[in-house]
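K.L.:
Quick one: structure below, then a few questions.
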Amino acid sequence: MVDGRDGNGREGGGRDADGAAVPGRLPIREVVRGDGGREGFDPARLARSIHRAAVAVGQGELLLAEELAALVALVLEEEHGAVAPATRVVRETTERVLMETGHHDVARSYILLHAAPATAAPGATARDGSRDAPLRVASPGRECIEPFDAAKIATALLVDGGLKRAEAAAIAAAVERQARAFGREVVSAATVRQLVAAELLARGCTDRLAGEQGLGLPAAEVEAIAFQRGMALEPAPLRLGGELLRRFALARLLEPVVAQAHLNGDLHVDGLAAPGQALAATLDLSQVRRASWPGALAGLLHLVHGLEAALHGPLELWHVERALAPAFADDARAGDAARTLLLALADAPSPRSHAEPPRRVLGVGADLPTDVAESLFRRGGAPAAVRERLHAFVVELLEQAVAAAPHLRVPRVRVLVDPGDEERELLQLAAPLQPALALGAADVAHSAQSGSTVRVVGARVALNIARLGLAAGRRRESALLDALPELVERGLSAGANQLRVLLQRDEQGVGFLRRLRELLREIARDLPLELPGSHAYALVLVPVGIDAAIRAVTERDPDECQDAARLRTELLARLAAALPANAAAGTRFELREAAFPEAEQRFGRADFLRFPRGRDVLGLAHDGAAFRYAFDPLPHGQAMAAAVAGPSVRVPRPTPHPAARTGSARPGAGAPHS
């Protein structure tokens, strides 16, 4: 009512989502049934109904159902005031709230639980006196034949397709009529999907096709993947599954504009074959606490195996030696711990092991600061004794990696050194480190000086900067710089699509960060680790082909021309400025120059065909068979020699691969900075 009173003349007042009174908002006390009668509105009853729908899809949390029911009541109060809504309106509002809050599976289950029978019972009499034969659907994916249910089609169009209820019901009825017109008792699920797609096209709903079409692979593509010639990096079942998940992500997870940009080669979204999984994670275990052997080892193994189920890429554990050091009673125990840890985390050998990147990385410090050594005292140990135990641990870890690398796929050992002190720290490990570097069982990196103890890459998107330079043309620096913000915005949209899925997985209790918190509680008794700081997913944007874009615009290499170097600096600054200033909760934005082979190859093939004049600029072979935006890493032995001889472990930038040059290309034409 306008005067703030309900139908009985009492002062009105509503509730917020937590049940608190809100002045001026009228609470919903009654609902109107379908027969015209009235009954009391009970939020607890609505919560139980939502809970039943959630239990049906394996997401039964009563507290969440109660919160959603309170939100439905709040929406009803805002939209209807003192007017008692119909039960149909309550159901539709509940469905809308479930979909808008991201609970699509629960919304689908809720609709099916409250849907009226959409089809006549098997054997029912039709208007013309004939009897409808029972219609069933064969679903190879579910390995069953089940009765045809038009309500399921309408629900899918309503929840996934975003159609209106009436339109979804009309399409479902039309699909049923056409399916029965075949005169068969059983139709395939693929046929039903084709009929739905045809109805959507006939009604002009072309924008809904991507979400409703099937993701099956044509038989020719399946045959090409299953019987691929040569040694493949992955077995055929994994390749087929990855291809289906990639198509699912392009059709359902990414926005249409972002998916089109990925297919066009304007950007490359990493991890499409693993939706819902983090791409990489680094845990710094420097915060040590008292631990005992062998419980510390068991806790560390439990942490690794528990996290890998929610991780698609490598898992890096830094300063493992500090996490296990309190359990070392002497040098012999330290050597045994290193040997046991390395073999426990090794995988069975396979022909493709050497071609794949490492799945597990053990970061160990080459030296131990005095303040850290004092915190690792155990049973009256002195800093010198602690250093000896850790040195024995690192040496044994490197030696065992060299011994096991030819037979097993062992974790990569990463020796962490302090910036400016590389030569002194690495020389004391030179004997065991050199063969490990030569075999690829170890590498060298700078230890993190600051930052969070947990870094999780949730999304990684490559931006095709070279294409912007080729499209801008010669002497058009402003056109190149002005095109950057739009490309960054598309990259952020692509990453946001992936991060949304990760955050939803965390809410369901199966995401990486949620799993990490649970595992830390589970291993607290054996290995009481602390990982302080705010934990969030990082969205990493990787600019690819920066130097190629500079050469396309200035016709000069940034290393050879001051104007080209200035433009490169300005370009990087413009990219960084396009990132959001304040990250949302649970999200970090990063701009990182790094090698991205998969994106580089995709961009190179597309740009070779799209911009023939830029072949020399891009560093392409005459037949387009080879392409390099970034440099190839130096052999590990050369990296070790550079680290010991100079003040930095950074690998210098080499000239491009010989196959990536043309006759007129300048040296270094395909090798931007990293």
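K.L.:
So if I check each of VAL501, VAL488, VAL553, VAL544, which one is touching a residue at least 60 places away in the same chain (Cβ under 8 Å), on the phi < 0 side of the Ramachandran plot, surrounded by fewer than 22 Cβ atoms within 10 Å (Cβ to Cβ) and among the β-branched types (Val, Ile, Thr)?
P.N.:
After applying the criteria, what remains is VAL501.
K.L.:
Please determine whether any residue of the stretch 413-425 is of a type outside the set (A, V, I, L, M) and closer than 26 Å to ALA346 by Cα.
P.N.:
Yes, that holds for at least one residue.
K.L.:
Does the stretch 504-525 hold any residues that are over 16 Å from ARG455 (Cα atoms), of a type in the set (A, V, I, L, M) and modelled with pLDDT of 90 or more, and which are they?
P.N.:
LEU519
K.L.:
Quick test for you: out of GLU308, GLU316, GLU321, pick the one residue that is modelled with pLDDT of 80 or more and in contact with a Phe, Trp or Tyr (Cβ under 9 Å, 6 or more places away or on another chain).
P.N.:
When all the criteria are applied, what remains is GLU321.
K.L.:
Taking interchain pairs and intrachain pairs at least six residues apart, which have beta carbon atoms under 9 angstrom, with the first residue in the stretch 520-541 and within 19 Å of ALA278 (Cβ to Cβ) and the second crowded, with 17+ Cβ neighbours inside 10 Å and among the aromatic types (Phe, Trp, Tyr)?
P.N.:
Taking only residues 6 or more apart or on different chains, the pairs are TYR537/PHE512; ALA538/PHE589; LEU539/PHE589; VAL540/PHE589; LEU541/PHE589.
K.L.:
Here is a follow-up. Taking helices (runs of 4 or more DSSP H) that do not extend beyond the stretch 388-481, which have at least 2 residues that are out of contact with any Lys or Arg (no Cβ under 8 Å at 6 or more places or on another chain), open to solvent by less than 10 Å² (accessible area, probe 1.4 Å) and without any contact (Cβ under 8 Å) to a residue 40 or more places away in the chain?
P.N.:
Numbers: elements: 422-427, 430-439, 465-472.
Output list is empty.
K.L.:
Can you tell me which of (1) touching a Leu at 6+ places or on another chain (Cβ under 7 Å); (2) outside any strand (DSSP E or B) is the one PRO543 doesn't meet?
P.N.:
Only one criterion in (1) touching a Leu at 6+ places or on another chain (Cβ under 7 Å); (2) outside any strand (DSSP E or B) is unmet by PRO543, namely (2).
K.L.:
Can you spot a residue in the stretch 453-469 that is at pLDDT below 85 and either out of contact with any His (no Cβ under 6 Å at 6 or more places or on another chain) or β-branched (Val, Ile, Thr) (or both)?
P.N.:
Yes - at least one qualifying residue is present in the stretch 453-469.
K.L.:
Still on this structure, please answer the following. Restricting to the stretch 275-290, give me the number of residues that are in a loop (DSSP other than H, G, I, E, B) and either open to solvent by 10 Å² or more (accessible area, probe 1.4 Å) or modelled with pLDDT of 90 or more (or both). I'd like the intermediate steps shown before the answer.
P.N.:
The first filter runs over the stretch 275-290 and keeps only residues in a loop (DSSP other than H, G, I, E, B), leaving 275-277, 279, 285-290.
Checking the rest, the ones that are also either open to solvent by 10 Å² or more (accessible area, probe 1.4 Å) or modelled with pLDDT of 90 or more (or both) come to 275-277, 279, 286-290.
Number of matching residues: 9.
K.L.:
A further question follows. Taking the stretch 85-100 on its own, how many of its residues are under 18 Å from ALA56 (Cβ atoms) and open to solvent by 60 Å² or more (accessible area, probe 1.4 Å)?
P.N.:
1
The values are calculated or read from the model by the stated rules, or taken from the named source; none is laboratory data. These numbers come from a predicted model, not from an experiment. Cβ sites come from the backbone with ideal geometry, for glycine too, and all protein chains shown count toward neighbours. The protein model used for the area step is the full one, side chains on, heavy atoms only, and it has no ligands, DNA or RNA in it. Shrake-Rupley method; radii C 1.70, N 1.55, O 1.52, S 1.80 Å.
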